[in-house]
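The values are calculated or read from the model by the stated rules, or taken from the named source; none is laboratory data. Remember, it's a predicted structure, so these values are computed and weren't measured experimentally. Here the Cβ is made from the backbone with ideal geometry for all residues, glycine too, and neighbour counts use every protein chain on show.
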Amino acid sequence: MRKRTPVSTIMTKNIIAVNRTDELETAEKLFKQHRIRHIPVVAGDVIIGMLSYTDLLRISFADASNEDETEVDTVVYNMFTISQVMSKNVVTVTSDTTIKDVAVILAKKEFHALPVVDNGELVGIVTTTDLINYLIEQF
């Protein structure tokens with residue numbers, strides 16, 4: 001296992017993001033359609049927050065087990081905005097941060113995804129699933 005491998009080798013570069021002005025219903029549809037659990041909230045290319053599927057579950061009666069369902073109950077979503085639900089104090093890493101350093105951050109914090117930012121621009125996202133898949137490839 002290489003110790004200095006940059007996170008850019010395992011991060012997701014095809015970023016699915018939302019704006020703070022988007023509806024929570026839109027975010028849930030993206031979570032289900034792309035089978036993801038974390039979405040960066042952006043203003044242009046700048047990250048301003050992170051929204052997790054768990055954040056939506058906390059405020060709704062969303063059915064976490066039926067990910068193929070496309071219809072969502074929007075009554076609760078109309079009571080909140082993405083800005084109100086998202087995590088605002090976002091920890092970020094750069095694309096040259098080592099996979100080991102990313103693993104240390106995720107192991108010590110209570111979140112499971114890190115936005116990857118270079119020169120103030122969102123260039124990717126790395127999740128605990130990315131780390132696990134990387135470890136599996138090593139064996």
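The figures follow:
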{"item": "Residue count, the stretch 101-139 (criterion: in contact with a strand residue (DSSP E or B) (Cβ under 8 Å, 6 or more places away or on another chain) and assigned to a strand (DSSP E or B))", "result": "12"}
{"item": "Residue in the stretch 1-25 that is nearest to L114 (Cα to Cα), counting only those that are of a type in the set (S, T, N, Q) and surrounded by fewer than 17 Cβ atoms within 10 Å (Cβ to Cβ)", "result": "T12"}
{"item": "Every pair of residues 6+ apart whose Cβ atoms lie under 8 Å, when the first sits in the stretch 9-32 and is part of a strand (DSSP E or B) while the second is among the small types (G, A, S) and crowded, with 16+ Cβ neighbours inside 10 Å", "result": "T12/G124; V18/A27"}
{"item": "Residue ID - nearest to A113 (Cα to Cα), chosen from residues in the stretch 43-74 that are at pLDDT 65 or above and among the polar types (S, T, N, Q)", "result": "S52"}
{"item": "Failed criterion for P115 (all others in (1) more than 19 Å from N14 (Cβ to Cβ); (2) modelled with pLDDT of 95 or more hold)", "result": "(1)"}
